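> Below is a structure I'd like to ask you about.
Only the coordinates and a few stated rules stand behind these numbers; no lab work does. These figures come from a predicted structure and were not determined experimentally. A quick note on method: Cβ atoms are made from the backbone with ideal geometry, for glycine too, and the neighbour counts reach across all protein chains shown.
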Amino acid sequence: MRSLAIAAVNLRRFARQRANLFFVLVLPLLIVAMLGLVFGATDVDLGVVQRSGGPLAEQLSDDLGATEDLAVVRYEDESALERAVQRGRVEAGLVVPDDYTAVLEAGGTATVRWIARPGTASIQLRQAVEAAVARQGTVLRAARFVAAEQGGDVESRLAAAATVAAAVPGVDVEVRPADETVAAGDLGQFDLGAATQLVLFVFLTSLFGAPTLIEVRRLGLSRRMLSTPTRHLQVLLGESLGRLAIALVQAAIIVVGSALLFGVAWGSPPAAAAIVACFALVGASFAMLLGSALSSDQQAGALALVLGLGLAALGGSMVPLEVFPDRVRTIAHVTPHAWANDAFAEVLRHGGGLVDVLAPLAVLLAYAAVVFSLAAWFFRRAVTG
Amino acid sequence: MSAAPVLVCTGLVKRFGDLVAVDGVGFEISPGETYGLLGPNGAGKTTTISMVCGLLERDDGDVVVAGRPLTTTSVEAKAAIGYVPQEIAVYPDLTGRENLRFFSRLYGMAPAAATERIGEALEVVGLADRADDLAGEYSGGMKRRLNIAIGLLHRPRLLVLDEPTVGVDPQSRNAILEGVEALAGGGIAVLYTTHYMEEAERLCDRIGIIDAGVIRAEGTRRELVALVGERDRVRLAGSGDLASVATACGALPGVEAASVRDGAVDLIVEGARGLLPELLRVAAESGGLVDGVDVHEPDLESVFLHLTGKALRD
Ligand SMILES: Nc1ncnc2c1ncn2[C@@H]1O[C@H](COP(=O)(O)OP(=O)(O)OP(=O)(O)O)[C@@H](O)[C@H]1O
Ligand SMILES: [Mg+2]
């Protein structure tokens, strides 16, 4: 109750300053625009070589062409496609063999070739293609199944078979990088961009609760609060709740804004919300620690900036954790950012839901608890000597 | 004063490193009584008050407020105290009323009762017509009055005021003093610190004279003044080398204390009438140009000078 009163006053004072309106509304919108430009869903060109692969190959091309945000560009032969990929005219290329339909209808496994440049956003594209191929594979498998049971030819049963699920696709994708020097495994990072930026921003903005707390201390107000029947933990909790609310509003603007306006993907909503909330809790706790341990708000502001950017860099919000050597990646997990980024990776890459990120969320909550306790100790020392 | 005391503190000690800021301070305050801590800058008034209010970890001693022991972690016991800090502690970007509303919530007051009490507190300090202006836009005196209103809000049994009139114009000061008198008349116990002798004389039923962390003497004004005995306070106003004048006069037999303050030499002497010619002669010889002489009956200023050999203010 008392904490809520403190949080409410904190927010009321925040809202009274015009400059803060920029901070809480305009800044997130700028970030939305930035995320939209960099990570938003725009049509991606896919080069396809498909000369006489038969009806199933045509169907695959059509399916790809109908995929949202994806445009198919036909090429005559493989070498032309490779050149186009290398020069960046298309994002990636797919080669469908001439015997595609024949092999599949004979019950064999057809192999399509995937050509990509390293260092591009082609991973999402590849997922789209794999999905299309798998769809067809699933349907074919089922078609074969139906043909074997009931007789008749495969083609005539395809439509009916679309409703039957089968686990193993009949088509393999063979990956071949356009540039030999980089292996295909390196291409897994781009989909995380928006999330890692959000993590950076939420933490940074939370940390700016530190100068606010120092101001309240300097005005003699936290001391005065302690002269009332209010515990020091309640005071600190109230101040951090105020800051938490601000950070959450900003995060909500960024997530919802970028998703609606630019189609940026954030994965399962409950999972994403939980990650942001737990992580912002860590940020607010850090703010209380700085605000209790330091006594100059300029110092706190400077340190907030250094910590906010430094931890973000180490924690994989500037350069993806995947490119770090193993040992550095281990060390990176001293930052809360690494855990939040891991959680987002689980949600965005593997379609994880809330239950799949409980472990990193628990780590974040523990982190917040430890930092908040430390902050409480410093706060008490600072106010009651 | 037969009622149980609202505040009992005993043997309070606070050290800051090597400095013993408060060294064994203790006193009691009964309901309706105003107790003054009178002492110069750095005497340990604020440090004492902070320990009384549970805002400062103490190195020794006990505090009991309204029958409950009180420490920095006490919660219930603090509800009995209204604390008005020496520095103005209000939110400058909230209105007076909003400041009061906020603290009413921290005191756990129900909203309806709070509204009523906020109105009353604003009346007591004379801020009712400016209640909805931002506190940051108040004059210094108005900020002080808001500072006090917050401490009154929940009708505390013990009101603690730490130099509430510092930097206030005479009119505001008078309003504040009248307010405190009215509250004490209403039965609350008041702990009041000041280094203004006149305030202590006017307001306080009992006064503790504190210097260097120790209460040198305690009692009613009459009791304290009796300590000085038949001594008078002589004030030699003038120019020239007043420091030498003080030293030379201080060495005379019959002179108990001498100090320089506000362009004058303050002396505590036994039998002013007989000593005056001698004092003026010594003053002239040691380079002072005396252009005015005052002889006072003893007051708290003289008591302080008598007890510590120093003026209350320098
Ligand atoms: N936090 C602190 N750290 C170190 N020394 C302190 C601290 N607080 C007070 N002191 C010292 O303790 C002594 C008593 O200070 P205190 O503030 O209690 O005096 P005061 O009687 O209230 O003076 P004033 O009339 O100026 O308000 C002073 O010498 C002061 O410098
Ligand atoms: Mg003081």
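> So what is the diffusion coefficient of the range A:210-268 in µm² per second by Stokes-Einstein at 20 °C and 1.002 mPa s, using a Kirkwood Rh over Cα pairs?
Values: Rh = 13.8 Å.
Estimated via Stokes-Einstein, D reaches 156 µm²/s.
> Ordered by residue, what ³J(HN,Hα) values in Hz, to whole numbers, does the range A:100-110 give under the Karplus form 6.51 cos²θ - 1.76 cosθ + 1.60, where θ = phi - 60° and Gly and Pro are x?
So the Karplus estimates, Gly and Pro as x, are 3, 5, 4, 4, 5, 5, 7, x, x, 10, 7 Hz.
> So, one more: Can you work out the base-10 log of I(q)/I(0) for the range A:287-381 at q = 0.13, 0.14, 0.16, 0.19 1/Å, using the Debye formula on its C-alpha atoms alone?
-0.54, -0.62, -0.77, -0.97
> Taking N as the number of residues in the range B:202-314, what value does Rg over Cα atoms divided by 2.2 N^0.38 Å take? Walk me through the intermediate numbers first.
Details: Rg = 14.1 Å, N = 113, 2.2 N^0.38 = 13.3 Å.
The value comes to 1.06.
> What is the angle, in °, between the Cα long axis of helix B:170-185 and the longest principal axis of the Cα atoms in chain B? Nearest 10 is fine, range 0 to 90.
With both axes taken from Cα atoms, the answer is about 70 degrees.
> Using packing as a proxy for protection, rank A:266-276, B:292-302 so that the peptide with the highest average count of other Cβ atoms within 10 Å comes first. Walk me through the intermediate numbers first.
On the way: A:266-276: 20.7, B:292-302: 16.5.
Highest to lowest by the protection proxy: A:266-276, B:292-302.
> Could you work out the per residue convex hull volume over the alpha carbons of the range B:134-254, in cubic angstrom?
Hull volume normalised by residue count: 173 Å³.
> Need one number: the % of Cα-Cα pairs in the range B:144-184 sitting beyond the 13 Å mark. Display every interim value, and only then the final one.
Working: 411 of 820 pairs.
Tail of the P(r) past 13 Å holds 50 percent of the pairs.
> Taking θ as phi - 60°, what are the ³J(HN,Hα) couplings along the range A:318-333 by the Karplus curve (6.51, -1.76, 1.60), each to the nearest whole Hz, with x for Gly and Pro?
10, 10, x, 4, 4, 7, 6, x, 3, 5, 5, 5, 4, 4, 4, 7
> Simple spin-label model, 7 Å along Cα-to-Cβ: B:Arg273 to A:Ala102 in nm?
About 14.2 nm separates the two model spin labels.
> Would you grab the residues whose amide H sits under 5 Å from the one on A:Ala265? Only those 5+ places off in sequence or on another chain, please, with H modelled 1.01 Å from N.
Amide H neighbours of A:Ala265: none.
> For the pair A:Thr330 and B:Thr115, what calculated FRET efficiency results from E = 1/(1 + (r/R0)^6), where r is the Cβ-Cβ distance and R0 = 35 Å, to the nearest 0.05?
Working: r = 58 Å, r/R0 = 1.66.
My answer for the efficiency is 0.05.
> Return one number: the angle in degrees, 0 to 90 and rounded to the nearest 10, between the long axis of the Cα atoms of helix B:96-106 and the longest principal axis of the Cα atoms of chain B.
Approximately 70 degrees, to the nearest 10.
> Here's another thing I want to ask about it. Spin-label point model (7 Å from Cα, Cβ direction): what's the B:Asp262 to A:Leu29 distance in nm?
Simple spin-label model gives 6.1 nm for this pair.
> Moving to a separate point now. Amide H neighbours of B:Val22 under 5 Å, counting only residues 5+ apart in sequence or on other chains, H built in-plane at 1.01 Å?
The answer is B:Lys14.
> Mean residue ellipticity at 222 nm from the helices of the protein assembly as shown, using -39,500 (n - 2.57) per DSSP H segment of n ≥ 4 over the full residue count, to the nearest 500 deg cm²/dmol?
So the helix-based figure for the protein assembly as shown works out to -16500 deg cm²/dmol.
> Run the numbers on chain B and let me know its relative contact order in percent, using alpha-carbon pairs under 8 Å that are six or more apart. Intermediate results must be reported in sequence, preceding the final value.
On the way: 659 pairs, mean separation 59.4, N = 314.
Computed over chain B, the figure is 19 percent.
> Of all the C-alpha pairs in the protein assembly as shown, what % are more than 45 Å from each other?
Details: 115494 of 243951 pairs.
Summing the P(r) tail past 45 Å for the protein assembly as shown gives 47 percent.
> What number results when the radius of gyration of the range B:231-297, computed over Cα atoms, is divided by 2.2 N^0.38 Å?
On the way: Rg = 10.0 Å, N = 67, 2.2 N^0.38 = 10.9 Å.
Relative to the rule-of-thumb radius for its length, the range B:231-297 sits at 0.92.
> Let me ask something else about it. Taking the Kirkwood radius as the inverse of the mean 1/r across Cα pairs, report the Rg/Rh of chain B. If you can, show how the numbers build up before the last one.
Numbers: Rg = 21.9 Å, Rh = 21.0 Å.
My calculation of the ratio gives 1.04.
> Determine ³J(HN,Hα), in whole Hz, for all residues of the range B:203-212 in sequence, where each value follows from phi through the Karplus function 6.51 cos²θ - 1.76 cosθ + 1.60 and θ = phi - 60°; x replaces Gly and Pro.
Karplus values, whole Hz, x for Gly and Pro: 8, 8, 6, 9, 10, x, 8, 10, 8, 6.
> Counting partner chain Cβ atoms within 10 Å of every residue's Cβ in B:67-74, what's the average? Intermediate results must be reported in sequence, preceding the final value.
Numbers: counts 0, 0, 0, 0, 1, 6, 5, 2.
That works out to 2 on average.
> Which of the peptides A:290-296, B:144-150, A:355-361 is most tightly packed, and how do the rest follow, judged by the mean count of other Cβ atoms within 10 Å per residue? Mind dumping the intermediate values first?
Working: A:290-296: 21.1, B:144-150: 26.4, A:355-361: 17.3.
Peptide ranking by packing, descending: B:144-150, A:290-296, A:355-361.
> If you wrap a convex hull around the C-alpha atoms of the range A:327-385 and split its volume per residue, what is the figure in Å³? Don't skip to the end; give the middle numbers.
Details: hull volume 5.3 nm³, N = 59.
Here the figure is 91 Å³ per residue.
> Place the peptides B:90-102, B:68-80, A:45-57 in order of packing, highest mean first, counting for every residue the other Cβ atoms within 10 Å and averaging per peptide. Numbers along the way, then the final one.
On the way: B:90-102: 21.3, B:68-80: 16.9, A:45-57: 19.5.
Highest mean packing first, the order is B:90-102, A:45-57, B:68-80.
> Follow-up. How big is the range B:1-106 on each of its three principal axes, counting only the C-alpha atoms and giving the largest first in Å?
That works out to 41, 38, 27 Å along the principal axes.
> Using a 10 Å cut-off around each Cβ of peptide B:43-55, what is the average number of partner chain Cβ atoms that fall inside?
Details: counts 0, 0, 0, 0, 1, 0, 0, 4, 2, 0, 4, 3, 7.
For this peptide, the per-residue mean of nearby foreign Cβ atoms is 2.
> Right, something else. How much length is gained on full extension from A:Leu21 to A:Ala80, taking 0.36 nm per residue of separation minus their Cα-Cα distance? Please list the in-between numbers first.
Numbers: separation 59, 0.36 × 59 = 21.24 nm, distance 5.34 nm.
That works out to 15.9 nm of additional length.
> For B:Lys14, go through the lysines and keep the ones whose alpha-carbon is under 27 Å away, minus same-chain ones fewer than eight residues off.
In chain and number order, the partners are B:Lys45, B:Lys78, B:Lys310.
> Moving to a separate point now. Take the alpha carbon atoms of the range A:227-290, find their center, do the same for the range B:255-304, and report the distance between the two centers in whole angstrom.
After rounding, the separation between the Cα centres reads 69 Å.
> Taking the Cα-to-Cβ direction at B:Asp62 and at B:Thr10 and moving 7 Å from each Cα, how far apart do the two end points lie in nm?
0.5 nm
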